[in-house]
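Each reported figure results from applying straightforward, stated rules to the coordinates on display, with no laboratory input. Remember, predicted model here, so these are calculated numbers, not experimental data. Reconstructed Cβ throughout: ideal geometry from the backbone, glycine too, with neighbour counts over all protein chains shown.
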Amino acid sequence: MSKRRYVLAIDQGTTSSRAILFDATLRPLASAQRPLQQIFPADGQVEHDPEHIWADTLAVCREAMETAGIGPRELAAIGLTNQRETTILWERRTGRPVHNAIVWQDRRTAPLCRELEAEGLDLPIRERTGLVVDPYFSATKLAWLLDHVPGARAAAERGELAFGTVDCFLLWRLTGGRVHATDASNAARTMLFDIHHQRWDEELLERLRIPPAVLPAVVDCSGELGATPSSLFGAPVPIAGMAGDQQAATFGQACFEPGAMKSTYGTGCFALLVTGERAVPSRHRLLTTIAWRVGGRTTYALEGSIFSAGATIQWVRDGLRAIGSAAESEAVAASLPDSGGVHLVPAFTGLGAPWWDPDARGAILGLGRDTTLAHIVRAALESTSLQTFDLLEAMDRDLEAAGLPPARGRLRVDGGMVANSWLCQDLADILDRPVDRPAVIETTALGAACLAGLAVGLYPSLEAIAAAWKVERRFAPALDPARRAARIAAWRAALDRVRSTPRD
Ligand code: ADP
């Protein structure tokens with residue numbers, strides 16, 4: 001038997017860089033993590049230092065291997081997952097970035113997005129890339145770099161510069177500058193990639209004046225992508241898996257079949273519904289995205305995001321000082337029979353899908369003389385379930401419009417917030433579907449490990465990965481239908497009070 005029995009998963013996130021070692025049974029053995037410095041050059045602007053990202057990535061890989069006592073010759077492969085959309089431009093000759101990374105949260109390209117909309121490009125962009133026109137995606141960030149870094153456009157036209165999202169930049173660095181490639185799931189977040197024909201869209205490149213010479217090759221999410229030079233870890237290690245963080249989490253949750261879905265509850269919440277080989281267009285402002293491409297076959301998903309999930313609990317803790325820790329919210333919510341008619345709409349930074357209302361602001365409604373802080377804590381948790389309901393309802397409506405049956409299956413959940421069992425039960429109640437919490441909660445890193453392990457044969461098949469996925473606890477819906485309907489109706493009425501645009 002080969003000595004190469006472990007996979008090293010790199011999870012380069014917005015606020016930290018992590019590495020987790022998994023064994024051949026998909027069990028996590030050791031991990032290491034470093035926080036990432038956030039750079040705020042001006043209001044609405046967020047940057048990262050790519051050299052910092054690289055140094056931390058190397059450091060956490062070495063630390064995880066050292067902690068587990070596993071050497072490079074025991075690694076079957078490296079799998080890579082990353083914060084998505086964040087944009088880096090670097091010199092091919094030196095590998096040096098010409099500017100800090102522009103992070104997905106950065107809003108500096110809002111005026112360019114408005115121009116694209118005014119030119120009527122929102123429809124073709126939606127049709128070809130599956131995305132809504134927004135500064136969030138990489139396209140306008142890359143255009144900004146080419147416009148604002150002195151000499152960048154001319155250098156790009158001469159073929160001297162390389163563009164990539166964080167996966168692509170790390171792959172370049174991990175292969176000693178030999179491979180310039182991104183995977184299909186990350187390419188799908190650039191707003192430059194035609195997700196149906198699997199190619200960069202020439203018309204969009206032209207409109208944004210992006211020279212094709214800067215673009216990476218687009219490859220499968222699972223396959224031999226390159227190898228590290230011995231100088232990095234002491235021996236070459238193949239890099240064999242790559243996917244954006246939410247797509248990797250979907251893979252790590254073994255959501256392989258059409259209709260399978262997962263929802264991740266961290267600061268915000270991201271729900272992905274796998275639609276199989278069909279790219280389902282959204283009429284409800286969800287995103288159509290590539291979940292992964294394996295063996296040349298593309299699996300698509302519908303994606304919806306909520307801006308404030310765990311962030312609402314942070315606010316209740318730090319802003320309102322109603323609880324001492326996020327974990328305390330569980331006992332407080334469980335101590336009450338209901339929220340006493342209180343609703344909290346956490347539109348602190350506007351509302352995400354399916355409303356997309358950047359101008360809405362948060363509100364607490366339904367206060368009475370008997371309202372206490374505990375009611376507000378409970379309403380804060382309930383808002384997470386109710387926002388998820390809105391997302392899943394939009395998904396069902398999109399499926400229906402595409403002539404597909406609604407996704408009535410289980411919801412697999414992960415992220416820091418699902419440690420809260422009261423919340424998981426409330427999700428099952430409001431969604432009226434079972435909610436599964438997995439045994440391995442690090443689903444993002446797990447997904448990257450699975451994609452890599454699959455490519456090198458350590459994990460033989462999707463079926464084997466699905467069989468290894470284990471549930472830690474199942475939550476079955478148990479709420480009386482009339483109470484459920486009343487809660488949803490009251491939530492929608494509260495939403496109507498805060499939305500800046502009229503009801504759809
Ligand atoms: P991120 O990856 O976005 O930083 P995590 O997945 O680490 O987020 O989750 C942290 C978030 O989860 C925080 O916003 C925190 O408020 C929330 N959280 C953590 N534990 C609990 C809990 N027991 N109940 C409710 N919310 C929680």
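Numbers at a glance
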item: Residue order, fewest to most beta carbons within 10 Å, for I290, I195, I39; result: I39, I195, I290
item: Relative contact order, percent, the range 412-504 [alpha-carbon distance under 8 Å, six or more residues apart]; result: 34 percent
item: Rg and Dmax of the range 5-138, Cα atoms only, in Å; result: 18.5, 57
item: Loop-located trypsin sites (Lys or Arg not before Pro) in the range 41-95, at most 11 other Cβ atoms within 10 Å (DSSP); result: R93
item: Simple spin-label estimate for H99 and D480 in nanometres, 7 Å along Cα-Cβ; result: 5.9 nm
item: Fewest-first sequence of T14, T388, T312, T372 by Cβ atoms within 10 Å of each Cβ; result: T372, T14, T388, T312
item: The range 210-269-the range 123-148 distance, computed between alpha-carbon centres (Å); result: 21 Å
item: Sorted by Cβ neighbour density within 10 Å, fewest at the top, the residues F251, F270; result: F270, F251
item: Qualifying trypsin sites (Lys or Arg not before Pro) for the range 1-37 [loop in DSSP, other Cβ within 10 Å: at most 16]; result: K3, R5
item: Descending principal axes extents, the range 323-403, alpha-carbon based, whole Å; result: 46, 27, 25
item: Estimated 222 nm signal from helices in the chain, with DSSP H stretches of n ≥ 4 weighted -39500 (n - 2.57), rounded to 500; result: -10500 deg cm²/dmol
item: Coordinate range along principal axes, alpha carbons of the range 194-318, Å, largest first; result: 48, 43, 34
item: At most 13 other Cβ within 10 Å, DSSP loop - trypsin sites (Lys or Arg not before Pro), the range 401-470; result: R408, K470
item: For the chain, convex hull volume per residue from C-alpha positions, Å³; result: 140 Å³
item: Highest-first arrangement of 352-359, 314-321, where packing means the average Cβ count within 10 Å; result: 352-359, 314-321
item: Cβ-Cβ FRET estimate between V149 and H196, R0 fixed at 35 Å, reported to 0.05; result: 0.60
